[in-house]
Structure formats: C-alpha cells, structure tokens
Amino acid sequence: MQDILNAPFVREMGKTTANMYRLGWDERNGGNISMLLDEAEVAPYLDTAKVLRTIPTGFDAKMLAGRYLIVTGTGKYFKNVQDDPETNLGVLRVSSDGKNAELLWGYRDGGQFTSELPAHLMSHMTRLSIDPKHRVVMHCHPTNTLAMNFILPLNEKDVTHALWQMCSECIVVFPDGVGVLPWMVCGTNEIGEATAEKMKQFRLVIWGMHGIYAVGSSLDEAFGLIETVEKAAQVYMLIADKPRVNTIRDDELRQLAARFGVTYREDFLG
Ligand code: 2HA
Ligand code: ZN
C-alpha cells in the first residue's frame, strides 16, 4: 500500500481548501467539498474491503451505490485540512442499498462527513446524468457574492445579468448563468433536493444569503467557476453605490458569446 497522504486526490483537496480559506470564502467550518473517485484511484492507497465505520446518510443515493468519494468533515475548518488531512477529510463508499456511507479512511477523531452531504450526493446524481465527466461538488461563502444577495432581487436573471456585466470573461465562463435559491435552512434534504433540481440547468447555484455551490469535472473547474463569480461580485460591490458612467451593454455581451462560440441564456439579457 502506498501512503494515502501522497495520493493526488488528498493533496489536491489540501491545496484547494487552503486556497479557499485564504480567499476568505470559508470562515470557521464554512464550506464543504466532495469529489467522486474511481476505485482504481483509491485502490493503491486503501484496502477497499476494510470498512472502518458505516454511517447512515439519511436518504437514498442508490444511483451512487458503490461509488467512492473524498468528502470534507462536518464541523471541520478548511484552514486545517492541509496540515491534518486524516482528521478533516474522509474517503467513503456509498453502500449497495444507497443509504449508508462506508468509511474507508479519515474522520480520525470519530467525526463524519459534512452536514451538507444530502445536497452533495443529490447534486452528484443530477450532474452525472447530464455530464459523464462530472466529479466535484463545492460549497463556500464568498464574501462579495453573499453581499450582492442583499442588494439585488434574488432571481436568476437579475443576478446573472449583473455578474455578466462586471467582467468580460463571465458570459464565456458561465454562459448557462447562475441558479438562485431563496434563503433556506441548510443541512436538510429539502435544500439538497432544491439544489439538485437547479443543477439540471446550472453549474452554479447561489443559496440566497448563505453561499454558493459549483460543480465540475475537477476541483480546478469548480473552483474557477466560483472564483469568476466572486471576482464579478467584488467589482459589483465596489461600484454599487457609485454613479455608473459606463457599462458592458447587452449587444456587447452577445458579441462576446458569438466570438467564443458559447450557447448562453439569451433570456437573461435585456
Ligand atoms: O459546512 O457551510 O452550509 C458548513 C456549511 C453549511
Ligand atoms: Zn454553507
């Protein structure tokens, strides 16, 4: 067996959580990440027949039965993942009935997966049926994205349009726009279902006045989506209370989409 602390997926989780923490997106225990892993990726580092603990997930994720994931722990701080991956992360397998998580490594202090596991597993199920390359679900609390939620109507058109107007790259990076949920109690199956429903249309979903979810085929891809939204939100917040002399017009956004050949939500313009 090779040392799992050297596994690319453990190292990458450490790097990503540290970056997110330093960007101020994950105060205290804020945020959570899960990434699907292939058995072949896990096997050099773990005895997959050795289940440390079986933890109920509280709902049925049959579609993911037998799938492996690396998941941040509940109550754990992104700040600490890189220094102590084995306490702050877990590698688990969804049981054959889809109702339990079989812990193979991690949560060393007796902990368990993020309280947002329902939203993660449901989003994985939705995205896998749309995108076979899908692997990552990422949640965090980026400051300006949150701030913007308090001063804009919380709907997909207004939020997406405002973001697209702030940076030329936005309509190219997320032409599908940003899904928006109202404020809801977090950690529940209900918010998980609502998130997964939005994930049918969007790779980015704002949880009103709470944070954001992103999905992708890699940690970099999900991170890059959030980074782009947060940059646009930062510009928005910097100019929100100032007279606006110039703007990127809708016809210019259309030119960008044409130039980069992206299919975008035309109904979110004008
Ligand atoms: O993991 O961010 O939404 C802590 C949270 C809950
Ligand atoms: Zn949160």
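No lab work stands behind these numbers, since they all come straight from the coordinates. None of these values were measured; they are calculated from a predicted model. Counting neighbours? That spans all protein chains shown, and the Cβs are built from the backbone with ideal geometry, glycine included.
The residue 147 and residue 11 beta-carbon pair, evaluated with R₀ = 35 Å, returns a calculated FRET efficiency of approximately 0.60. The alpha carbon radius of gyration of the chain, expressed as a multiple of 2.2 N^0.38 Å, is 1.03. Axis of helix 117-130 versus longest Cα principal axis of the chain: the two differ by about 70°, to the nearest ten degrees.
With all projection directions averaged, the alpha carbon convex hull of the stretch 143-270 covers 7.9 nm². Place a point 7 Å from the Cα of residue 168 along the Cα-to-Cβ direction; which residues of the stretch 242-270 have their backbone N under 17 Å from it? Answer for the stretch 242-270: 246-262. When you count the other C-beta atoms within 10 angstrom of each residue and take the mean per peptide, 135-142, 34-41 line up highest first as 135-142, 34-41. Normalised by 2.2 N^0.38 Å, with N the number of residues, the alpha-carbon radius of gyration of the stretch 65-148 equals 1.18.
Less than 20 Å from a label point 7 Å out along the Cα-to-Cβ axis of residue 235: which backbone N atoms in the stretch 168-202 qualify, by residue? Residues 168-179 fall inside that zone. Placing +1 on each Lys and Arg Cβ and -1 on each Asp and Glu Cβ, with no other charges, gives the stretch 124-270 a dipole about its Cα centre of roughly 140 debye. Scanning the chain for chymotrypsin sites (Phe, Trp or Tyr not before Pro) that sit in a DSSP loop and have at most 15 other Cβ atoms within 10 Å, the longest stretch containing none of them is 60-149.
With equal scatterers on the alpha carbons only and no solvent term, can you work out the Debye log10 of I(q)/I(0) for the stretch 115-182 at 0.17, 0.22, 0.23, 0.29 1/Å? Computed log10 I(q)/I(0) values: -0.80, -1.13, -1.16, -1.22. At full extension, residue 189 and residue 218 could sit 8.0 nm farther apart than now, given 0.36 nm per residue minus the alpha carbon distance. Considering only C-alpha atoms, what is the centroid distance from the stretch 30-95 to the stretch 1-26, in Å? Spelled out, the Cα-based centre of one part sits 13 Å from the other.
Cross-link reach is defined here as a Cα-Cα straight distance under 27 Å, omitting same-chain residues fewer than 8 places apart; for residue 50 the lysines meeting it are 62, 76, 99.
The length gained on full extension between residue 65 and residue 39, counted as 0.36 nm times the residue separation minus their Cα-Cα distance, comes to 8.1 nm. Per-residue extension of 0.36 nm, minus the Cα-Cα distance of residue 86 and residue 245, leaves a gain of 52.0 nm for this segment. GNM on the chain, alpha-carbon springs under 10 angstrom: the most fluctuating residue among 185, 81, 159 is 185. FRET efficiency for the residue 22 to residue 176 pair, using the beta carbon distance and R₀ = 22 Å, is estimated at 0.20. Relative to the longest principal axis of the Cα atoms of the chain, the long axis of helix 8-22 makes an angle of roughly 40 degrees.
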